[in-house]
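A.B. asks: One structure is given below, represented as structure tokens, and several questions about it will come after.
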Amino acid sequence: MQMEQMTHEEVKAYFQAGNDMVILPCGSTEQHGKHLPLGTDLLIASHLAHAVGEKGGILVAPSLAYGYAEYHKEGFTGTISFDQDLLYAVYYRIAEQLAEMGTKHIVFLNGHGGNTHVLSRVSMNLRIQHQVLGLIVDWWKTAGQLQPQWAEKGHAGKAETSVMMHLYPDLVHQSQICFEPFFTLADGVETKGSASFSYQGVTYQLWMNTCDVVSTESGSYGEDPHLSSAEEGRQSMEAVVDHLTDFLLHGFQKMHPAGGFR
Ligand SMILES: [Zn+2]
């Protein structure tokens, strides 16, 4: 049930039939190492949204191709980012108009970690100002809770590459996979990601640019994408679709924006 392929009367009929849930795929256009396309986060989020929408009979709004990805710009060509205030305004305005149509449950099916903070603010204000529930689904976190090895632990790493090998094998340049260790930025401080640093076993958060922590030749980090497999990507996508569809229909749908059971 993809909104861009439906007429206004079909969308009206969806809400008139008593449905009040819409899935909104949240993408990003940003560097994904030398081996994955710029639209990786958009493609995975859109795939999951369409698969869940199909399986659960849930309306899917058109995907947003852009996210907050400023930290993937320096040193890389092709990243197009909205700053956080602009992205908030865009998502909030889309959500308000979905609410005017009759949406009470919005699923932000998110493909990119940089969007999560913005979507949290959208979700909170939707509840306060419109009595609409905004669920944020970071797919890699859902996958990682279903099977720890399915979690994407970085960027363009093993899990994300496995998913792309399954969904879009022609877009994965396996011979270009380049994986290098993190730069050390201070003696005794271990770099764990572009926003994660460990000192004597305790992790601290601090946002850096990707090019500060890993080579621009590579651009990928986390778990070595040389270890990826299409089969693992298939298993993780199917498990996320099954679990998420079940939760949306039998859990999220029953949660009332004003609280209490229904
Ligand atoms: Zn990604």
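A.B. asks: Return the equivalent ellipsoid semi-axes of the range 47-92 as a descending list in whole Å, where each equals the square root of 5 times an eigenvalue of the C-alpha gyration tensor.
C.D. replies: Working: eigenvalues 156, 40, 8 Å².
Gyration-tensor ellipsoid for the range 47-92: 28, 14, 6 Å.
A.B. asks: Hull surface divided by four, with the convex hull built on the Cα atoms of the range 11-145: how many nm²?
C.D. replies: Numbers: hull surface 34.0 nm².
Mean shadow area of the hull around the Cα atoms is 8.5 nm².
A.B. asks: Leu227 label point, 7 Å along Cα→Cβ, cut-off 15 Å on backbone N: hits in the range 179-200?
C.D. replies: 179-182
A.B. asks: ³J(HN,Hα) across the range 144-150 via Karplus (A = 6.51, B = -1.76, C = 1.60, θ = phi - 60°), whole Hz, x for Gly/Pro?
C.D. replies: x, 7, 6, 8, x, 6, 8
A.B. asks: Related question: Which whole number of Å³ per residue matches the convex hull of the alpha-carbon atoms in the range 114-169? Before the final figure, lay out the partial values.
C.D. replies: Values: hull volume 5.5 nm³, N = 56.
Measuring per residue, one finds 99 Å³ for the Cα hull of the range 114-169.
A.B. asks: On alpha carbon coordinates alone, what is the Rg over Rh value for the range 1-81, Rh being the Kirkwood radius?
C.D. replies: Details: Rg = 15.6 Å, Rh = 13.9 Å.
Rg/Rh for the range 1-81 comes to 1.12.
A.B. asks: When Met237, Met164, Met1 are ordered from fewest to most other Cβ atoms inside 10 Å of their Cβ, what list results? Intermediate values should be presented prior to the final figure.
C.D. replies: Values: Met237 21, Met164 25, Met1 18.
Ranked by crowding around the Cβ, least crowded first: Met1, Met237, Met164.
A.B. asks: How far is it, in nm, from the label point at Glu100 to the one at Met124 when both lie 7 Å from their Cα along the line to the Cβ?
C.D. replies: Taking the two extended label points, one gets 2.6 nm.
A.B. asks: Computed FRET efficiency, Cβ-Cβ of His250 and Arg93, R0 45 Å: what is it to the nearest 0.05? Don't jump to the answer; show the numbers that get you there.
C.D. replies: Details: r = 30 Å, r/R0 = 0.68.
My answer for the efficiency is 0.90.
A.B. asks: Toward the positive end of the charge dipole of the chain, about the Cα centre and with charges on Cβ (Lys, Arg +1; Asp, Glu -1), which of Gly39, Leu227, Gly251 goes farthest?
C.D. replies: Gly251
A.B. asks: Moving on. Over all distinct alpha-carbon pairs, what is the Kirkwood Rh of the range 176-216 in angstrom?
C.D. replies: Roughly 10.7 Å, rounded to one decimal.
A.B. asks: Using alpha carbons only, how many angstrom separate the centre of the range 129-190 from the centre of the range 26-69?
C.D. replies: 13
A.B. asks: With everything on Cα atoms, drop me the angle between helix 40-56 and the longest principal axis of the chain, reported from 0 to 90° to the nearest 10.
C.D. replies: Taking the Cα atoms of the chain, the angle to 40-56 is about 30 degrees.
A.B. asks: Can you give the percent of C-alpha pairs in the chain whose distance is more than 35 Å? Walk me through the intermediate numbers first.
C.D. replies: Values: 5892 of 34191 pairs.
Considering the chain, 17 percent of its Cα-Cα pairs are separated by more than 35 Å.
A.B. asks: Please report how many Lys pairs in the chain have alpha carbons closer than 26 angstrom, counting only residues at least 8 apart along the chain or sitting on separate chains.
C.D. replies: Value for the chain: 23.
A.B. asks: Additional query: Take the Cα pairs of the range 149-195, get the Kirkwood Rh, then feed it into Stokes-Einstein at 25 °C and 0.890 mPa s and tell me D in µm²/s. Could you put the intermediate results ahead of the total?
C.D. replies: Details: Rh = 12.5 Å.
This corresponds to a translational diffusion coefficient of 196 µm²/s.
A.B. asks: Ranked by Cβ crowding within 10 angstrom, fewest neighbours first, how are Cys211, Cys178 ordered? All intermediate terms of the calculation are to be shown ahead of the outcome.
C.D. replies: Working: Cys211 18, Cys178 15.
Going from least to most buried by this count: Cys178, Cys211.
A.B. asks: Dividing the Cα radius of gyration by the Kirkwood radius, what Rg/Rh value follows for the range 192-262?
C.D. replies: Details: Rg = 19.4 Å, Rh = 16.4 Å.
For the range 192-262, the value is 1.19.
A.B. asks: In addition: Taking R0 as 25 Å, what FRET efficiency do you get between Phe183 and Glu70 from their Cβ-Cβ distance, rounded to the nearest 0.05? Intermediate results must be reported in sequence, preceding the final value.
C.D. replies: Numbers: r = 19 Å, r/R0 = 0.77.
Calculated transfer efficiency: 0.80.
A.B. asks: To the nearest 10 degrees, how steep is helix 116-130 against the longest Cα principal axis of the chain, on a 0 to 90 scale?
C.D. replies: 20
A.B. asks: Okay, next question. Most exposed first by the Cβ proxy, i.e. fewest other Cβ within 10 Å, how do Ser194, Ser218 rank? Don't jump to the answer; show the numbers that get you there.
C.D. replies: On the way: Ser194 23, Ser218 19.
Exposure proxy ranking, most exposed first: Ser218, Ser194.
A.B. asks: Obtain the nm distance between the two label points defined at Glu4 and Gln205 by a simple spin-label model: each point lies 7 Å from its Cα along the Cα-to-C-beta direction.
C.D. replies: 3.2
A.B. asks: Could you please report the charge total around Ser162, scoring K, R as +1 and D, E as -1 over all other residues with beta-carbon less than 13 angstrom from its beta-carbon? Mind showing how you got there, number by number?
C.D. replies: On the way: positive: Lys153, Lys158, Arg234; negative: Glu152, Glu160, Glu223, Asp224, Glu231, Glu232, Glu238.
Result for the neighbourhood of Ser162: -4.
A.B. asks: While we're here: Over the C-alpha atoms of the range 86-230, what are the Rg and the largest Cα-to-Cα span, Dmax, in Å?
C.D. replies: According to the Cα coordinates of the range 86-230, Rg and Dmax are 18.1, 56 Å.
Throughout, read-outs are computed from the coordinates displayed, never taken from laboratory work. A quick note: this is a predicted structure, and the numbers were derived from the prediction, not measured. All Cβ positions, glycine included, derive from the backbone under ideal geometry; neighbour counts span all protein chains shown.
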